[in-house]
Amino acid sequence: MGSNSDPVTRIRTSPGTVIATVLGVGVPVAFLAVFFAWPVAAMIGRGFADGLGGFGEVFSRPRTIRLVGLTLGQAALASVVCVMLGLPVAHVLYRLRFRGRAIVRALVILPFVLPTVVVGVAFRTLLRDTPLDGTFAAIMMALVFFNIAVVVRTVGSAWEGLDPRQEDAARVLGASPARVFFTITLPRLGPSIAAAASIVFLFCATAFGVVLVLGGTKFGTIETEIYLLTTQFLDLRAASVLSVTQLVIVVALLAVVGRVRGSTQRRVAAARKPRRTDAAAIVAAILVTAALAIPVLSLVERSLRTSTGYGLANYALLSGTGTRNALVVPVWVALGNSLTTAVQATLIAVIIGVVASLVLSRSPRSPLARRALAAFDGALLLPLGVSAVTVGFGFLITLNQPPLDLRSSPILVPIAQALVALPLVVRTVLPVLRSIDPRLRESAAVLGAAPWRVLRDVDLSIVARPVLAASGFAFAVALGEFGATSFLARPDRPTLPVVIVRLIGLPGGDNLGMAIAASVVLAGVTVAAIALVERLRVDTVGAF
Amino acid sequence: MTLDAEHLTVSYLREKGRSALAIDDVSLSLDAGQVLAVLGPSGSGKSTLLRAIAGLEVLDSTVTGTGRVLWEGVDITAMPVHKRGFALMFQDGQLFAHRSVASNVAYALQIARMPQLEQRDRVAELLALVGLEGFGDRRVTELSGGEQQRVALARALAARPRLLLLDEPLSSLDRELRERLGRDLRRILVETGTTALFVTHDQGEAVLVADRIAIMMDSHLVQIGSAAEVLEAPATPEVERFLGR
Amino acid sequence: MEGTSLKYAIIAGALVLVLAGCSAPSTDTKPLVLVTHDSFALSEGILEQFTEQTGLEVQVQSSGDAGQLVNTLVLTKDSPLGDVVFGIDNTFASRAVENGVLADYSSKDLTSAEDQYLLPEGQGREQLTPIDNGDVCVNVDHEWFAEKGIAEPTSLDDLIKPEYKDLFVTEAANSSSPGLAFLLATIAKYGDDGWQDYWTKLMANGTKVDAGWSDAYYVDFSGPSSEGDRPIVVSYASSPPFEVPEGATVAPTGALLDTCFRQTEYAGVIAGTKNQAGAQKLVDFLFSTTVQNDIPETMYVYPVNAKATLPESFTKFAKIAEDPFVVSPGDIDKNRETWLSQWAAIATP
């Protein structure tokens, strides 16, 4: 029906449009080129300074084959487990209506933004006396803990958009609830499940801290190997070979994601009250949520434990600098630093992300340009799939000449965080922009609105809320980012995750207690930010 | 003539880079205050013709001549959409869901920087004209389909457009409503003396609303004339079949 | 991308940076940049004293852990990241020296009292000034052993005895700096021929290998502030003071001084600095008693300067190994990869 599927182009090429397009494409492309592609390419290039012979050599090492296999295997398995456990939770949190739903939704996403080191210690403390400690199953549990939110949110928001009347029709025709689910609901959720699974796969394939802490030393991934090769052995050749391998896997995966993501209808169906047939899903959801809550609750419990019993002593200590001045600044100051950097990172990610989304939401006339846009769309996700070590070192060897001599500039930390938050912003804003009927813009234009005014009155008015929501999510992610931050932060301005890691790296009961109390504070701020997003009721947030 | 469209040709890219013509060398003219219905089966190119006149499509040049749109003799082909002083109303209204009814109607007035008080009066006047007195503060999402179309019409008429373009404005409504709104539309266009181009696939609607009828078949304009002329003497067997005579 | 749009893009990118509320800091005199690892810390006001004395401001830039620090210097050799480096330890010193990232200078204030910390000639003696040192030792939980009535182990040999089965936890040598130090201690003790055999026995005796220090110490060690049940852990000689409760006179944990590997950290002038004289002054300052007296309380290691004074907690509860194990920096650098892969084959099956 009409214009959406019609291949006729709607864009008139006036000089203004050309300038706007150049700027719109230029800003995000330049950002990614300067702060991502160039550093990563330079770093990989160092490894191939003597040619490409490294591939044969590195792939003849049995260790490499084993690591690549292990990486793919654990990521694949974790994706499957995440989907199986995430589906009932998605159903309950997005299809049913009950008190406290917003809080539970915020809690489910909490693990996604907690610092890995802290979660690692919490997990290991819980698992220590069980046969699971240091096993493959332990890694699997942690990967699922971190990533189940991706499935819940992505599939949940798609589920919310399905017209329930199809299910009703099937039931009237005599299908059992299970049959309805498997023959009607599941196939319709297919694209979102595939998209979520691919993203989980991506996150797991590049997982670092969790694997290192929980896998002990038995299990590695391509990512941990790149880290070891780069930071311990300075074996850049092998690191570059693995980086390229990782990139190839990621790009292949993104191609799959792009193919299955397809068209999404964004129409929110009213949630209904729970019925008896929901019992199985509700029980499963409660079990999964409880399992997610255990590590978090154990953190809270430990933060309240002191040498003299339970109390708030650890929290009181946060105003100081730890046992015998473990820290340069009090934890509250670090929280302030974190908030400042996270705000800057959010601003960068939102500005770039919105501009990129505006460009991506248009369908240009030439097929070549259309293919270029599709490639650009995929490129925006790449930062999630490249090792933080590679990006971090890349920054140091490239951004060293004016006007981009930024190596000692405090702006580097928010930029690194923005790289991680950017894909989340785009994935939140873009679907909304794509769902705008082009004829709405045309109506405004014919009524006399100049192009900039159409942009303001139509596009920006409609995405205002999703943008706000994406900001909250980007903010939370920036707040928890540790990898790149530890690499680039100025020691006199540490962020909260950096301080937590430092505290947990020093002996003494107070330091551990403070580290965990600080993690709970970080978690609290994160939940607050995400709960705020939930209040805005923008349901595509963090959905891929 | 007030509006002259000459040699309008619009091509679009099909998959795999091949192009096809949506409208092929269409020319037509329109007098001030006149309502012309463009009638044709779906896919005949009539909507593209409307969009080409609005300035929403890029015109091609062909052997028969350069595509041009003239307003009172002045070539406005290169004039951007928003400066033409036209208005366009779609089949499904395309209201701004994030604005109230009044603020939708006032949109063109805000762009023209009409003073607030005058805006309020004009909006009230338009809402009365389309039979929606007192609906100003409602959210557009709360309205029925017929009410939404009335708001869309009020919004299109607000800034007294030089030319009103209507793209199947009644098709999404049920029959009874369509007839009533069609009659209202005719009355409003006559009362306001608006020059209008009206696209439809329903000959009843065309007869009801328009002074003249143009028939589009397969990307071409095949006949133009008064309702009686077209209905009584179809130019080709295809037109005759389409009109069901 | 075409040239013009690239130019647009860069301008736009710069605009974004300005929008984000940040611009490169601009000062009249360029501050000295001190490149260090992420455990670097000094009390407030210490670096300001340097500024008062010399008029030079110091900007601290951290770059990951000690290994990342050296690799960063190597990678940025053509466009140095700063003027002075602090935090290169004896396990990475020779990599820094061989890659030529350091200028020749060692503090003129060094005396014969610090000779024991100097690197061998050609392996960093000319470029690196010792600043601090700390021993990585096996720590034991006194209370646990007292309660069980078992004698505490005292040497590396003891750790493979059946009475200490399943009691020992250490860190992975390929992902943890104390883990590597402990491996080097065993290599120094048992030699090239014997260490692998020792590790095989160690693993057979139920040794647990964790990825990092926090994990081993807080999760598996049984000490007062830890959660675990293993009373023997690889940690630092400076760890026991942290476990002493307020007002107590006896430390609940202790370091076994015959199991230690000494990590010494060095400072040096980065080759290519634009301010050679200022950089040398900063190295001297790091060796001065102003910094040296502050080091124990902020970085939990011992100052090397013989004139520095130790805080009470260190003199009372922290002991220092008299004869720690030593492996030369050159050997470490040469064999690191071989040793680690051999170690991994035994310790991480």
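The values are calculated or read from the model by the stated rules, or taken from the named source; none is laboratory data. A quick note: this is a predicted structure, and the numbers were derived from the prediction, not measured. Cβ: placed from backbone, ideal geometry, glycine included. Neighbour counts: every protein chain shown.
Within the stretch B:46-63, restricting attention to residues that are surrounded by 21 or more Cβ atoms within 10 Å (Cβ to Cβ) and more than 12 Å from every other protein chain (Cβ to nearest Cβ), which residue is farthest from B:R84 (Cα to Cα)? This residue is B:K46.
Do you know which residues across the stretch A:15-60 are over 30 Å from the mean Cα position of the chain (by Cα), facing chain C (nearest Cβ under 10 Å) and not β-branched (V, I, T)? Listed by number, the list is empty, since nothing qualifies.
For the stretch A:134-146, indicate whether the set of residues that are within 14 Å of chain C (Cβ to nearest Cβ), touching a Leu at 6+ places or on another chain (Cβ under 6 Å) and surrounded by fewer than 20 Cβ atoms within 10 Å (Cβ to Cβ) is non-empty. No, that holds for no residue. Only one of the numbered conditions (1) surrounded by 22 or more Cβ atoms within 10 Å (Cβ to Cβ); (2) more than 13 Å from C:S238 (Cα to Cα); (3) under 18 Å from the mean Cα position of the chain (by Cα); (4) not basic (K, R) is violated by C:A279, and that is (3).
Among the residues of the stretch C:318-337, are any within 14 Å of chain A (Cβ to nearest Cβ), in a loop (DSSP other than H, G, I, E, B) and crowded, with 19+ Cβ neighbours inside 10 Å? Yes; the residues of the stretch C:318-337 include at least one that is within 14 Å of chain A (Cβ to nearest Cβ), in a loop (DSSP other than H, G, I, E, B) and crowded, with 19+ Cβ neighbours inside 10 Å. If a residue has to be at pLDDT below 80 and out of contact with any strand residue (DSSP E or B) (no Cβ under 9 Å at 6 or more places or on another chain) to count, how many in the stretch A:203-217 make the cut? Residues flagged as at pLDDT below 80 and out of contact with any strand residue (DSSP E or B) (no Cβ under 9 Å at 6 or more places or on another chain) within the stretch A:203-217 amount to 9. Take the conditions (1) under 20 Å from C:V301 (Cβ atoms); (2) crowded, with 22+ Cβ neighbours inside 10 Å; C:L257 misses just one of them, which is (2). Among the residues here, C:T309 qualifies as out of contact with any Ser or Thr (no Cβ under 7 Å at 6 or more places or on another chain), outside the structural domain of C:T253 (by TED's automatic domain parsing) and closer than 30 Å to C:E44 by Cα. Tallying residues that are in contact with a strand residue (DSSP E or B) (Cβ under 9 Å, 6 or more places away or on another chain) and at pLDDT 85 or above within the stretch A:1-48 yields 0. Taken over the stretch C:14-66, the criterion of being at pLDDT below 80, touching a strand residue (DSSP E or B) at 6+ places or on another chain (Cβ under 7 Å) and hydroxyl-bearing (S, T, Y) is satisfied by C:S62, C:S63.
Only one entry of C:E171, C:E143 meets the criterion of being in the same structural domain as C:W195 (by TED's automatic domain parsing) and in contact with an Asp or Glu (Cβ under 6 Å, 6 or more places away or on another chain), and that entry is C:E171.
Condition first: part of a helix (DSSP H, G or I) and under 28 Å from A:D235 (Cβ atoms). Can you find one or more residues in the stretch C:78-93 that meet it? Yes, the conditions are met somewhere in the stretch C:78-93.
Flag not set for A:D129, criterion: outside the structural domain of A:A342 (by TED's automatic domain parsing), acidic (D, E) and either more than 22 Å from A:S303 (Cα to Cα) or touching a helix residue (DSSP H, G or I) at 6+ places or on another chain (Cβ under 8 Å) (or both).
Screening A:V251, A:V241 for residues that are under 30 Å from A:L229 (Cβ atoms), part of a helix (DSSP H, G or I) and at pLDDT below 85 leaves exactly one candidate, A:V251. Looking across the stretch A:41-50, the residues that are closer than 20 Å to A:F233 by Cβ, not charged (D, E, K, R) and not in a loop (DSSP other than H, G, I, E, B) come down to A:A42, A:M43, A:I44, A:G45, A:G47. If you check A:A316, A:A369, A:A342 for being of a type in the set (G, A, S), surrounded by 17 or more Cβ atoms within 10 Å (Cβ to Cβ) and either in contact with a Phe, Trp or Tyr (Cβ under 8 Å, 6 or more places away or on another chain) or without any contact (Cβ under 8 Å) to a residue 40 or more places away in the chain (or both), only one passes: A:A342. The lone criterion from (1) surrounded by fewer than 24 Cβ atoms within 10 Å (Cβ to Cβ); (2) in contact (Cβ under 8 Å) with a residue 60 or more places away in the chain left unmet by C:G206 is number (2). For the stretch C:88-118, residues that are out of contact with any Pro (no Cβ under 6 Å at 6 or more places or on another chain), touching a residue at least 60 places away in the same chain (Cβ under 8 Å) and within 19 Å of C:A181 (Cα to Cα) total 6.
Of all residues in the stretch B:121-176, those satisfying the criterion of being surrounded by fewer than 18 Cβ atoms within 10 Å (Cβ to Cβ), of a type in the set (D, E, K, R) and closer than 18 Å to B:R187 by Cβ are B:E125, B:E133, B:R160, B:E176.
Candidates in the stretch C:96-130 are the residues that are closer than 25 Å to C:K334 by Cβ and of a type in the set (A, V, I, L, M, F, W, C); of these, the one that is surrounded by the most Cβ atoms within 10 Å (Cβ to Cβ) is C:L128.
Residue by residue, here is whether (1) at pLDDT 80 or above; (2) assigned to a helix (DSSP H, G or I); (3) under 30 Å from A:L162 (Cβ atoms) holds:
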position	(1), (2), (3)
A:P497	yes, yes, no
A:R502	no, yes, no
A:P507	no, no, no
A:I516	yes, yes, no
A:S519	yes, yes, no
A:G524	yes, yes, no
A:L532	no, yes, yes
A:D539	no, no, yes
A:A543	no, no, yes
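Note on the stretch C:200-214: residues that are within 7 Å of chain A (Cβ to nearest Cβ) and part of a loop (DSSP other than H, G, I, E, B) amount to 2.
Report yes if B:T195 is within 14 Å of chain A (Cβ to nearest Cβ) and either in contact (Cβ under 8 Å) with a residue 24 or more places away in the chain or surrounded by fewer than 18 Cβ atoms within 10 Å (Cβ to Cβ) (or both), otherwise no. Here the answer is no, as B:T195 does not meet what is asked. Going through (1) in a loop (DSSP other than H, G, I, E, B); (2) of a type outside the set (A, V, I, L, M); (3) within 10 Å of chain C (Cβ to nearest Cβ) one by one, A:S363 falls short only on (3). Of all residue pairs spaced 6 or more apart or on separate chains, those with beta-carbon atoms under 9 Å, a first member in the stretch C:299-313 that is small (G, A, S) and a second member that is exposed (fewer than 12 other Cβ atoms within 10 Å of the Cβ) and not in a loop (DSSP other than H, G, I, E, B) are C:A306/C:A113.
When only residues in the stretch A:440-466 that are surrounded by fewer than 20 Cβ atoms within 10 Å (Cβ to Cβ) and either under 13 Å from A:G16 (Cβ atoms) or among the aromatic types (F, W, Y) (or both) count, which is nearest to the other protein chains (Cβ to nearest Cβ)? Filtering the stretch A:440-466 for residues that are surrounded by fewer than 20 Cβ atoms within 10 Å (Cβ to Cβ) and either under 13 Å from A:G16 (Cβ atoms) or among the aromatic types (F, W, Y) (or both), the one nearest to the other protein chains (Cβ to nearest Cβ) comes out as A:A450.
Of all the criteria given as (1) modelled with pLDDT under 85; (2) acidic (D, E); (3) more than 23 Å from A:R124 (Cβ to Cβ), the one not satisfied by C:D210 is (3). Count of the stretch C:68-89 residues, restricted to those that are crowded, with 22+ Cβ neighbours inside 10 Å and of a type in the set (D, E, K, R), is 2.
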